[in-house]
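Student: Pasting a structure here, questions to come.
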Amino acid sequence: MSKSKKLAFVSKECVACGSCVKVCPTGAITIYQGMYAAVNPNRCVGCGKCARACPASVISVLPRGGDEVA
Ligand code: SF4
Ligand code: SF4
């Protein structure tokens, strides 16, 4: 679905505050079992809003592996 070249990754230090969920324009993030944020790679468009909103700075937006366009 998504053709973006970047994808958000959440590290294990996520405190499940939900800030990223609120700002994501595509609804790509859910809090998995109340423990940490999980990004749906098919919905993420790599905009970086979640990373900027994360109070713990645990989100990185990185180039997608595998099928990215050069
Ligand atoms: S980079 Fe953008 S689209 Fe992807 S999870 Fe973060 S806010 Fe959502
Ligand atoms: S904003 Fe950061 S700490 Fe909060 S749920 Fe999202 S990734 Fe986790």
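The values are calculated or read from the model by the stated rules, or taken from the named source; none is laboratory data. Just so you know, these numbers come straight off a predicted model, no measurement behind them. Note that we place each Cβ from the backbone using ideal geometry, even for glycine, and neighbour counts take in every protein chain shown.
Student: Surrounded by fewer than 13 Cβ atoms within 10 Å (Cβ to Cβ), at pLDDT below 95, in a loop (DSSP other than H, G, I, E, B) and charged (D, E, K, R): is that true of Lys3 in this structure? Even if it seems obvious, please write down each step before you answer.
Tutor: Values: surrounded by fewer than 13 Cβ atoms within 10 Å (Cβ to Cβ): yes; at pLDDT below 95: yes; in a loop (DSSP other than H, G, I, E, B): yes; charged (D, E, K, R): yes.
It is true that Lys3 is surrounded by fewer than 13 Cβ atoms within 10 Å (Cβ to Cβ), at pLDDT below 95, in a loop (DSSP other than H, G, I, E, B) and charged (D, E, K, R).
Student: Select, from Cys47, Cys20, Cys14, the only residue that is in contact with a helix residue (DSSP H, G or I) (Cβ under 6 Å, 6 or more places away or on another chain) and not in a strand (DSSP E or B). Lay out the reasoning, then the answer.
Tutor: Numbers: Cys47 fails: in contact with a helix residue (DSSP H, G or I) (Cβ under 6 Å, 6 or more places away or on another chain); Cys14 fails: in contact with a helix residue (DSSP H, G or I) (Cβ under 6 Å, 6 or more places away or on another chain).
Exactly one residue qualifies, and that residue is Cys20.
Student: Hey, can you tell me all the residues within the range 24-44 that are of a type in the set (A, V, I, L, M) and crowded, with 16+ Cβ neighbours inside 10 Å?
Tutor: If the condition is that a residue be of a type in the set (A, V, I, L, M) and crowded, with 16+ Cβ neighbours inside 10 Å, then Ala28, Ile29, Ala37, Val39 are the ones that fit.
Student: Another question, if that's okay. If you check Val58, Val23, Val15, which single one turns out to be touching a Lys or Arg at 6+ places or on another chain (Cβ under 7 Å) and at pLDDT 95 or above?
Tutor: Only one candidate qualifies: Val23.
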